[in-house]
Amino acid sequence: MTALIIFLILTVLLLTGMPVSIALGLTVFSFLFAFTEIPMDSIALKLFTGIEKFEIMAIPFFILAGNFLTHGGVARRMIRFATSMVGHWYGGMGMAAVMACALFAAISGSSPATVMAVGSILIPAMVKQGYPPQFGVGSIATAGGLGILIPPSIVMVMYSVATSGMVVTGPDGQPVLSASIGTLFMAGVVPGLMLASMLGATTYFRAKKHNYPRMARADWRERWLAFRESVWGLMLIVIIMGGIYGGIFTPTEAAAVSAVYAFVIAVWVYKDIKLREVPKVLLSSAAMSAMLLYIITNAVMFAFILTSEQIPQTLSDWIVGLGLGKIGFLLVVNIMLLFIGMVMEPSAIVLIMAPILYPVAVKLGVDPVHFGIMMVVNMEIGLCTPPVGLNLYVGSAISKLGLTEVTKAALPWLATALVFLMLITYVPEITMFLPHLLGMN
(Lines give C-alpha, C1' and ligand atoms only; values in the text may rest on other atoms or scores of the structure.)
Protein backbone atom coordinates (compact mmCIF):
# COMPACT_ATOMS: atom_id res chain seq x y z
CA MET A 1 0.00 0.00 0.00
CA THR A 2 2.86 2.38 0.86
CA ALA A 3 4.55 1.71 -2.47
CA LEU A 4 1.26 2.26 -4.28
CA ILE A 5 0.76 5.65 -2.58
CA ILE A 6 4.30 6.80 -3.43
CA PHE A 7 4.11 5.83 -7.09
CA LEU A 8 0.56 7.16 -7.42
CA ILE A 9 1.72 10.59 -6.22
CA LEU A 10 4.71 10.47 -8.61
CA THR A 11 2.56 9.37 -11.58
CA VAL A 12 -0.03 12.11 -11.00
CA LEU A 13 2.68 14.77 -10.82
CA LEU A 14 4.39 13.49 -13.97
CA LEU A 15 1.09 13.45 -15.87
CA THR A 16 0.72 17.18 -15.21
CA GLY A 17 3.82 17.75 -17.35
CA MET A 18 5.97 18.68 -14.38
CA PRO A 19 9.76 18.14 -14.79
CA VAL A 20 10.91 14.79 -13.39
CA SER A 21 13.29 16.39 -10.86
CA ILE A 22 10.55 18.56 -9.30
CA ALA A 23 8.04 15.69 -9.39
CA LEU A 24 10.47 13.49 -7.44
CA GLY A 25 11.06 16.19 -4.81
CA LEU A 26 7.36 16.94 -4.36
CA THR A 27 6.57 13.22 -4.11
CA VAL A 28 9.08 12.85 -1.29
CA PHE A 29 7.87 15.87 0.68
CA SER A 30 4.17 15.09 0.14
CA PHE A 31 4.66 11.54 1.41
CA LEU A 32 6.79 12.73 4.34
CA PHE A 33 4.27 15.28 5.57
CA ALA A 34 1.18 13.12 5.08
CA PHE A 35 2.23 9.55 5.86
CA THR A 36 5.39 9.44 7.99
CA GLU A 37 6.91 10.89 11.12
CA ILE A 38 10.48 11.07 9.80
CA PRO A 39 12.08 14.29 11.15
CA MET A 40 12.87 16.90 8.50
CA ASP A 41 16.42 17.40 9.75
CA SER A 42 17.26 13.82 8.77
CA ILE A 43 15.96 14.56 5.27
CA ALA A 44 18.10 17.70 5.06
CA LEU A 45 21.13 15.66 6.13
CA LYS A 46 20.36 12.97 3.55
CA LEU A 47 19.89 15.65 0.90
CA PHE A 48 23.49 16.82 1.26
CA THR A 49 25.23 13.54 2.12
CA GLY A 50 23.43 11.79 -0.75
CA ILE A 51 25.20 13.88 -3.39
CA GLU A 52 28.41 14.31 -1.42
CA LYS A 53 30.06 11.56 -3.46
CA PHE A 54 33.34 11.87 -5.30
CA GLU A 55 31.98 9.79 -8.19
CA ILE A 56 29.27 12.34 -9.01
CA MET A 57 31.96 14.88 -9.96
CA ALA A 58 32.61 12.76 -13.06
CA ILE A 59 29.31 13.95 -14.57
CA PRO A 60 30.06 17.70 -15.01
CA PHE A 61 33.61 16.94 -16.20
CA PHE A 62 32.45 14.47 -18.90
CA ILE A 63 29.77 16.96 -19.98
CA LEU A 64 32.40 19.70 -20.24
CA ALA A 65 34.76 17.50 -22.26
CA GLY A 66 31.94 16.50 -24.60
CA ASN A 67 30.90 20.14 -25.12
CA PHE A 68 34.44 21.23 -25.99
CA LEU A 69 34.66 18.46 -28.56
CA THR A 70 31.13 19.03 -29.92
CA HIS A 71 31.69 22.77 -30.38
CA GLY A 72 35.09 22.07 -31.92
CA GLY A 73 35.84 20.24 -35.16
CA VAL A 74 36.65 16.86 -33.60
CA ALA A 75 33.47 15.25 -34.99
CA ARG A 76 34.25 16.54 -38.51
CA ARG A 77 37.73 14.99 -38.41
CA MET A 78 36.43 11.68 -37.08
CA ILE A 79 33.82 11.58 -39.84
CA ARG A 80 36.52 12.14 -42.48
CA PHE A 81 38.55 9.27 -41.01
CA ALA A 82 35.52 6.94 -40.86
CA THR A 83 34.50 7.81 -44.43
CA SER A 84 38.00 7.13 -45.74
CA MET A 85 37.89 3.65 -44.20
CA VAL A 86 34.43 2.39 -45.22
CA GLY A 87 33.03 4.97 -47.69
CA HIS A 88 33.58 2.68 -50.72
CA TRP A 89 31.31 -0.09 -49.35
CA TYR A 90 27.56 -0.31 -50.02
CA GLY A 91 25.96 2.40 -47.92
CA GLY A 92 29.49 3.64 -47.22
CA MET A 93 28.44 7.03 -45.86
CA GLY A 94 25.85 5.35 -43.65
CA MET A 95 28.46 2.92 -42.34
CA ALA A 96 30.84 5.84 -41.83
CA ALA A 97 28.08 7.50 -39.80
CA VAL A 98 27.79 4.44 -37.55
CA MET A 99 31.59 4.26 -37.18
CA ALA A 100 31.79 8.01 -36.47
CA CYS A 101 29.02 7.69 -33.84
CA ALA A 102 30.98 4.88 -32.15
CA LEU A 103 34.18 6.96 -32.14
CA PHE A 104 32.46 10.13 -30.92
CA ALA A 105 30.53 8.12 -28.30
CA ALA A 106 33.87 7.10 -26.83
CA ILE A 107 34.70 10.73 -26.04
CA SER A 108 31.32 12.40 -25.39
CA GLY A 109 29.25 10.15 -23.07
CA SER A 110 25.98 11.60 -24.41
CA SER A 111 23.64 10.22 -27.10
CA PRO A 112 21.89 13.43 -28.22
CA ALA A 113 25.30 15.15 -28.46
CA THR A 114 26.57 12.30 -30.65
CA VAL A 115 23.54 12.53 -32.97
CA MET A 116 23.91 16.31 -33.22
CA ALA A 117 27.68 16.26 -33.84
CA VAL A 118 27.63 13.50 -36.46
CA GLY A 119 24.19 14.09 -37.96
CA SER A 120 24.57 17.82 -38.58
CA ILE A 121 27.54 17.05 -40.85
CA LEU A 122 26.67 13.70 -42.42
CA ILE A 123 22.91 13.87 -43.04
CA PRO A 124 23.18 16.84 -45.47
CA ALA A 125 26.27 15.23 -47.04
CA MET A 126 24.41 11.93 -47.55
CA VAL A 127 21.44 13.68 -49.17
CA LYS A 128 23.83 15.53 -51.49
CA GLN A 129 25.47 12.20 -52.37
CA GLY A 130 22.09 10.75 -53.42
CA TYR A 131 20.90 8.92 -50.29
CA PRO A 132 17.28 9.43 -49.17
CA PRO A 133 17.21 11.55 -45.98
CA GLN A 134 15.30 8.76 -44.17
CA PHE A 135 18.27 6.41 -44.55
CA GLY A 136 20.69 8.91 -43.04
CA VAL A 137 18.51 10.01 -40.13
CA GLY A 138 17.45 6.41 -39.32
CA SER A 139 21.01 5.11 -39.08
CA ILE A 140 22.42 8.11 -37.19
CA ALA A 141 19.53 8.53 -34.71
CA THR A 142 19.92 4.88 -33.66
CA ALA A 143 23.72 4.71 -33.78
CA GLY A 144 23.82 7.87 -31.67
CA GLY A 145 22.56 5.70 -28.80
CA LEU A 146 26.08 4.30 -28.62
CA GLY A 147 26.88 7.53 -26.75
CA ILE A 148 25.61 6.04 -23.49
CA LEU A 149 26.85 2.47 -24.07
CA ILE A 150 30.45 2.97 -25.19
CA PRO A 151 32.39 4.42 -22.25
CA PRO A 152 32.64 7.02 -20.87
CA SER A 153 28.88 7.04 -20.21
CA ILE A 154 26.99 9.47 -17.99
CA VAL A 155 24.16 6.93 -17.58
CA MET A 156 26.64 4.33 -16.26
CA VAL A 157 27.82 6.87 -13.70
CA MET A 158 24.16 7.42 -12.72
CA TYR A 159 23.62 3.67 -12.24
CA SER A 160 26.73 3.34 -10.10
CA VAL A 161 25.70 6.33 -7.96
CA ALA A 162 22.10 5.07 -7.62
CA THR A 163 23.16 1.63 -6.37
CA SER A 164 26.29 2.50 -4.36
CA GLY A 165 26.03 1.92 -0.62
CA MET A 166 23.05 -0.44 -0.93
CA VAL A 167 23.31 -3.52 1.28
CA VAL A 168 22.00 -6.42 -0.80
CA THR A 169 22.44 -10.18 -0.58
CA GLY A 170 22.83 -12.75 -3.33
CA PRO A 171 20.94 -16.05 -3.68
CA ASP A 172 23.40 -17.68 -1.25
CA GLY A 173 22.76 -15.03 1.41
CA GLN A 174 26.19 -13.43 1.02
CA PRO A 175 26.50 -9.63 0.61
CA VAL A 176 27.12 -8.44 -2.96
CA LEU A 177 29.05 -5.26 -3.76
CA SER A 178 27.56 -2.73 -6.17
CA ALA A 179 29.20 -2.09 -9.54
CA SER A 180 31.99 0.48 -9.70
CA ILE A 181 32.15 3.08 -12.48
CA GLY A 182 35.47 1.69 -13.74
CA THR A 183 34.09 -1.86 -14.04
CA LEU A 184 30.95 -0.61 -15.81
CA PHE A 185 33.09 1.33 -18.28
CA MET A 186 35.14 -1.77 -19.10
CA ALA A 187 31.99 -3.91 -19.34
CA GLY A 188 30.52 -1.51 -21.91
CA VAL A 189 33.39 -1.84 -24.41
CA VAL A 190 32.57 -5.24 -25.96
CA PRO A 191 28.76 -4.69 -26.09
CA GLY A 192 29.34 -1.23 -27.58
CA LEU A 193 31.59 -2.55 -30.35
CA MET A 194 29.22 -5.47 -30.96
CA LEU A 195 26.16 -3.20 -31.33
CA ALA A 196 28.11 -0.84 -33.61
CA SER A 197 28.98 -3.83 -35.81
CA MET A 198 25.36 -5.02 -35.90
CA LEU A 199 24.07 -1.53 -36.80
CA GLY A 200 26.78 -1.27 -39.47
CA ALA A 201 25.70 -4.62 -40.93
CA THR A 202 22.07 -3.45 -41.03
CA THR A 203 23.19 -0.28 -42.84
CA TYR A 204 25.22 -2.30 -45.37
CA PHE A 205 22.45 -4.78 -46.25
CA ARG A 206 19.77 -2.08 -46.58
CA ALA A 207 22.05 -0.01 -48.83
CA LYS A 208 22.90 -3.06 -50.94
CA LYS A 209 19.21 -3.99 -51.26
CA HIS A 210 18.29 -0.50 -52.53
CA ASN A 211 21.57 -0.01 -54.47
CA TYR A 212 22.46 3.25 -52.77
CA PRO A 213 25.55 5.12 -54.07
CA ARG A 214 29.09 4.23 -53.09
CA MET A 215 32.07 6.57 -52.77
CA ALA A 216 35.41 6.14 -54.51
CA ARG A 217 37.86 4.03 -52.53
CA ALA A 218 40.29 6.19 -50.55
CA ASP A 219 43.96 5.27 -50.93
CA TRP A 220 46.16 4.60 -47.92
CA ARG A 221 47.69 8.06 -48.08
CA GLU A 222 44.25 9.68 -47.70
CA ARG A 223 43.45 7.32 -44.83
CA TRP A 224 46.72 8.16 -43.09
CA LEU A 225 46.10 11.90 -43.45
CA ALA A 226 42.54 11.51 -42.10
CA PHE A 227 43.82 9.45 -39.18
CA ARG A 228 46.59 11.95 -38.42
CA GLU A 229 44.02 14.77 -38.34
CA SER A 230 41.70 12.91 -35.98
CA VAL A 231 44.37 11.32 -33.75
CA TRP A 232 44.20 14.06 -31.10
CA GLY A 233 40.52 13.34 -30.54
CA LEU A 234 41.03 9.58 -30.65
CA MET A 235 43.78 9.88 -28.03
CA LEU A 236 41.13 10.88 -25.50
CA ILE A 237 39.78 7.31 -25.64
CA VAL A 238 43.26 5.98 -24.81
CA ILE A 239 43.69 8.49 -21.97
CA ILE A 240 40.35 7.65 -20.32
CA MET A 241 40.36 3.86 -20.66
CA GLY A 242 44.14 3.39 -20.36
CA GLY A 243 44.32 5.69 -17.34
CA ILE A 244 41.51 3.92 -15.49
CA TYR A 245 42.70 0.37 -16.22
CA GLY A 246 46.36 1.29 -15.65
CA GLY A 247 45.51 2.56 -12.18
CA ILE A 248 46.82 6.03 -13.03
CA PHE A 249 43.59 7.70 -12.00
CA THR A 250 40.01 6.96 -10.94
CA PRO A 251 37.05 7.42 -13.33
CA THR A 252 36.32 10.81 -11.73
CA GLU A 253 39.92 11.91 -12.14
CA ALA A 254 39.79 10.58 -15.72
CA ALA A 255 36.78 12.83 -16.35
CA ALA A 256 38.69 15.87 -15.06
CA VAL A 257 41.74 15.00 -17.18
CA SER A 258 39.51 14.52 -20.25
CA ALA A 259 37.94 17.97 -19.72
CA VAL A 260 41.36 19.65 -19.56
CA TYR A 261 42.63 17.65 -22.55
CA ALA A 262 39.50 18.48 -24.61
CA PHE A 263 39.99 22.18 -23.78
CA VAL A 264 43.64 22.12 -24.88
CA ILE A 265 43.06 20.33 -28.21
CA ALA A 266 39.93 22.38 -29.07
CA VAL A 267 41.53 25.77 -28.27
CA TRP A 268 45.25 25.36 -28.97
CA VAL A 269 45.75 22.26 -31.14
CA TYR A 270 42.80 22.31 -33.56
CA LYS A 271 42.05 26.00 -32.84
CA ASP A 272 38.34 25.46 -33.57
CA ILE A 273 37.28 27.38 -30.44
CA LYS A 274 38.59 30.85 -29.66
CA LEU A 275 39.35 31.80 -26.07
CA ARG A 276 36.51 34.32 -26.05
CA GLU A 277 34.07 31.45 -26.85
CA VAL A 278 35.20 29.33 -23.87
CA PRO A 279 32.84 31.04 -21.34
CA LYS A 280 29.88 30.12 -23.57
CA VAL A 281 30.93 26.44 -23.54
CA LEU A 282 31.46 26.57 -19.75
CA LEU A 283 28.02 28.13 -19.24
CA SER A 284 26.18 25.53 -21.35
CA SER A 285 28.05 22.73 -19.54
CA ALA A 286 27.18 24.24 -16.15
CA ALA A 287 23.49 24.47 -17.09
CA MET A 288 23.38 20.83 -18.22
CA SER A 289 25.31 19.66 -15.12
CA ALA A 290 23.02 21.62 -12.79
CA MET A 291 19.96 19.98 -14.36
CA LEU A 292 21.38 16.47 -13.91
CA LEU A 293 22.66 17.14 -10.38
CA TYR A 294 19.23 18.48 -9.40
CA ILE A 295 17.64 15.26 -10.67
CA ILE A 296 20.22 13.24 -8.71
CA THR A 297 19.52 15.22 -5.53
CA ASN A 298 15.79 14.53 -5.68
CA ALA A 299 16.33 10.92 -6.78
CA VAL A 300 18.57 10.34 -3.74
CA MET A 301 15.76 11.56 -1.48
CA PHE A 302 13.27 9.36 -3.36
CA ALA A 303 15.54 6.33 -2.90
CA PHE A 304 15.87 7.19 0.80
CA ILE A 305 12.07 7.13 1.22
CA LEU A 306 11.81 3.79 -0.63
CA THR A 307 14.54 2.28 1.54
CA SER A 308 13.16 3.63 4.81
CA GLU A 309 9.76 2.11 3.95
CA GLN A 310 11.46 -1.23 3.07
CA ILE A 311 9.87 -1.15 -0.42
CA PRO A 312 12.81 -2.63 -2.44
CA GLN A 313 13.25 -5.44 0.10
CA THR A 314 9.50 -6.22 0.14
CA LEU A 315 9.32 -6.11 -3.65
CA SER A 316 12.36 -8.37 -3.86
CA ASP A 317 10.78 -10.99 -1.60
CA TRP A 318 7.48 -10.77 -3.50
CA ILE A 319 9.04 -11.24 -6.95
CA VAL A 320 11.26 -14.09 -5.76
CA GLY A 321 8.15 -15.67 -4.26
CA LEU A 322 6.38 -15.53 -7.62
CA GLY A 323 8.86 -18.06 -8.93
CA LEU A 324 9.62 -16.14 -12.13
CA GLY A 325 13.28 -17.10 -11.90
CA LYS A 326 16.12 -15.13 -13.42
CA ILE A 327 14.97 -15.54 -17.05
CA GLY A 328 11.38 -14.45 -16.38
CA PHE A 329 12.45 -11.54 -14.18
CA LEU A 330 14.87 -10.15 -16.77
CA LEU A 331 12.21 -10.41 -19.49
CA VAL A 332 9.69 -8.50 -17.34
CA VAL A 333 12.33 -5.85 -16.52
CA ASN A 334 13.17 -5.37 -20.20
CA ILE A 335 9.52 -4.92 -21.18
CA MET A 336 8.92 -2.51 -18.30
CA LEU A 337 12.02 -0.41 -19.02
CA LEU A 338 11.25 -0.25 -22.75
CA PHE A 339 7.78 1.14 -22.00
CA ILE A 340 9.06 3.62 -19.40
CA GLY A 341 11.84 4.63 -21.81
CA MET A 342 9.17 5.86 -24.23
CA VAL A 343 8.01 8.57 -21.82
CA MET A 344 10.95 9.42 -19.57
CA GLU A 345 14.56 10.57 -19.84
CA PRO A 346 17.26 7.86 -19.29
CA SER A 347 19.03 9.47 -16.31
CA ALA A 348 15.75 9.86 -14.41
CA ILE A 349 14.70 6.26 -15.16
CA VAL A 350 18.00 4.84 -13.91
CA LEU A 351 17.95 6.94 -10.74
CA ILE A 352 14.36 5.93 -9.94
CA MET A 353 14.28 2.28 -11.05
CA ALA A 354 17.82 1.05 -10.24
CA PRO A 355 17.38 1.20 -6.41
CA ILE A 356 14.11 -0.75 -6.79
CA LEU A 357 15.15 -3.41 -9.33
CA TYR A 358 18.79 -3.84 -8.31
CA PRO A 359 18.14 -5.76 -5.01
CA VAL A 360 15.75 -8.14 -6.80
CA ALA A 361 18.24 -8.81 -9.60
CA VAL A 362 21.06 -9.52 -7.15
CA LYS A 363 18.86 -11.81 -5.04
CA LEU A 364 18.10 -13.84 -8.20
CA GLY A 365 21.81 -14.17 -8.98
CA VAL A 366 22.20 -11.47 -11.66
CA ASP A 367 25.62 -9.80 -11.60
CA PRO A 368 25.35 -6.04 -10.74
CA VAL A 369 27.61 -5.15 -13.69
CA HIS A 370 25.60 -7.25 -16.15
CA PHE A 371 22.34 -5.75 -14.86
CA GLY A 372 23.75 -2.23 -15.20
CA ILE A 373 24.74 -2.72 -18.85
CA MET A 374 21.34 -4.28 -19.56
CA MET A 375 19.64 -1.17 -18.13
CA VAL A 376 21.90 1.08 -20.22
CA VAL A 377 20.96 -0.77 -23.44
CA ASN A 378 17.27 -0.34 -22.53
CA MET A 379 17.86 3.38 -22.04
CA GLU A 380 19.63 3.52 -25.40
CA ILE A 381 16.59 2.04 -27.15
CA GLY A 382 14.35 4.44 -25.21
CA LEU A 383 16.22 7.36 -26.78
CA CYS A 384 15.06 6.15 -30.20
CA THR A 385 11.38 5.48 -29.39
CA PRO A 386 8.59 8.07 -29.38
CA PRO A 387 7.05 10.11 -27.88
CA VAL A 388 10.07 11.26 -25.79
CA GLY A 389 12.97 9.81 -27.81
CA LEU A 390 15.53 12.61 -27.65
CA ASN A 391 17.58 11.19 -30.52
CA LEU A 392 14.51 11.24 -32.76
CA TYR A 393 13.87 14.91 -31.99
CA VAL A 394 17.50 15.81 -32.73
CA GLY A 395 17.39 13.80 -35.98
CA SER A 396 14.10 15.48 -36.91
CA ALA A 397 15.55 18.95 -36.32
CA ILE A 398 18.61 18.20 -38.49
CA SER A 399 16.81 16.45 -41.35
CA LYS A 400 13.65 18.64 -41.34
CA LEU A 401 11.56 15.45 -41.41
CA GLY A 402 8.54 14.96 -39.13
CA LEU A 403 8.84 12.87 -35.95
CA THR A 404 6.61 10.12 -37.40
CA GLU A 405 8.76 9.89 -40.53
CA VAL A 406 11.98 9.79 -38.48
CA THR A 407 10.51 7.04 -36.28
CA LYS A 408 9.58 4.92 -39.32
CA ALA A 409 13.05 5.51 -40.80
CA ALA A 410 14.73 4.25 -37.61
CA LEU A 411 12.70 1.00 -37.38
CA PRO A 412 15.20 -1.38 -39.12
CA TRP A 413 18.03 -0.25 -36.85
CA LEU A 414 15.72 -0.25 -33.83
CA ALA A 415 14.82 -3.89 -34.56
CA THR A 416 18.55 -4.68 -34.64
CA ALA A 417 18.98 -2.99 -31.24
CA LEU A 418 16.13 -5.10 -29.79
CA VAL A 419 17.81 -8.31 -31.00
CA PHE A 420 21.02 -7.06 -29.38
CA LEU A 421 19.14 -6.38 -26.11
CA MET A 422 18.03 -10.02 -25.97
CA LEU A 423 21.62 -11.17 -26.57
CA ILE A 424 22.97 -8.92 -23.82
CA THR A 425 20.22 -10.01 -21.41
CA TYR A 426 20.62 -13.76 -21.78
CA VAL A 427 24.30 -14.08 -22.72
CA PRO A 428 26.01 -12.27 -19.80
CA GLU A 429 29.43 -13.46 -21.00
CA ILE A 430 29.32 -10.71 -23.67
CA THR A 431 29.20 -8.08 -20.94
CA MET A 432 31.44 -9.79 -18.40
CA PHE A 433 34.20 -10.95 -20.79
CA LEU A 434 36.44 -7.89 -20.47
CA PRO A 435 35.97 -7.30 -16.69
CA HIS A 436 36.76 -10.99 -16.07
CA LEU A 437 39.77 -10.86 -18.40
CA LEU A 438 41.14 -7.81 -16.57
CA GLY A 439 40.39 -9.27 -13.13
CA MET A 440 37.97 -6.44 -12.27
CA ASN A 441 35.02 -8.63 -11.26
Check your understanding: In the list ILE6, ILE38, which residue meets the criterion of being surrounded by 11 or more Cβ atoms within 10 Å (Cβ to Cβ) and under 31 Å from the mean Cα position of the chain (by Cα)?
Key -> ILE6
Review point. Of the conditions (1) within 21 Å of the chain's Cα centre (by Cα); (2) buried (at least 18 other Cβ atoms within 10 Å of the Cβ), PHE54 fails just one. Which one is it?
Key: (2)
Review point. Restricted to the stretch 302-338, and to residues that are crowded, with 19+ Cβ neighbours inside 10 Å, aliphatic (A, V, I, L, M) and within 19 Å of the chain's Cα centre (by Cα), which residue is nearest to ASN67 (Cα to Cα)?
Key: LEU337
Exercise for review: Scan the stretch 77-128 for residues that are within 21 Å of ILE240 (Cβ to Cβ) and not aliphatic (A, V, I, L, M) and report the count.
Suggested key: 10
Exercise for review: Starting from the stretch 411-430, keep only residues that are more than 22 Å from GLY138 (Cα to Cα), then list their pairs with residues that are part of a helix (DSSP H, G or I) and of a type in the set (Ser, Thr, Tyr) whose Cβ atoms are within a distance under 7 Å, requiring at least 6 positions of separation or different chains.
Suggested key: ILE424/THR431
Review point. Restricted to the stretch 108-136, and to residues that are of a type in the set (A, V, I, L, M), over 19 Å from the mean Cα position of the chain (by Cα) and crowded, with 23+ Cβ neighbours inside 10 Å, which residue is nearest to LEU69 (Cα to Cα)?
Key: LEU122
Review point. Of all the residues that make up the stretch 73-107, how many are crowded, with 24+ Cβ neighbours inside 10 Å and either part of a loop (DSSP other than H, G, I, E, B) or of a type in the set (Asp, Glu) (or both)?
Key: 1
Exercise for review: Could you check how many residues of the stretch 368-406 are charged (D, E, K, R) and surrounded by fewer than 21 Cβ atoms within 10 Å (Cβ to Cβ)?
Suggested key: 2
Review point. Do the conditions hold for PRO412, that is, is it in a loop (DSSP other than H, G, I, E, B) and out of contact with any Pro (no Cβ under 9 Å at 6 or more places or on another chain)?
Key: no
**Study point:** Pick from the stretch 164-200, criterion surrounded by fewer than 16 Cβ atoms within 10 Å (Cβ to Cβ), farther than 25 Å from GLY92 by Cβ and touching a residue at least 12 places away in the same chain (Cβ under 8 Å), ranking: farthest from the chain's Cα centre (by Cα)
**Key:** PRO171
Exercise for review: Check off (1) part of a helix (DSSP H, G or I); (2) modelled with pLDDT of 85 or more; (3) in contact with a Phe, Trp or Tyr (Cβ under 8 Å, 6 or more places away or on another chain) for TYR131 and give me the number that stays unchecked.
Suggested key: (1)
Revision key, fill the gap. All conditions in (1) farther than 19 Å from MET99 by Cα; (2) in a loop (DSSP other than H, G, I, E, B) are true of MET215 except (1)
Exercise for review: Check whether at least one residue in the stretch 288-301 is without any contact (Cβ under 8 Å) to a residue 24 or more places away in the chain, within 24 Å of PHE48 (Cα to Cα), under 25 Å from the mean Cα position of the chain (by Cα) and surrounded by fewer than 20 Cβ atoms within 10 Å (Cβ to Cβ), and report yes or no.
Suggested key: yes
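The values are calculated or read from the model by the stated rules, or taken from the named source; none is laboratory data. Everything numeric in this text was worked out from a predicted model, so none of it was measured. Neighbour counts run over all protein chains shown; Cβ positions are idealised from the backbone, glycine included.
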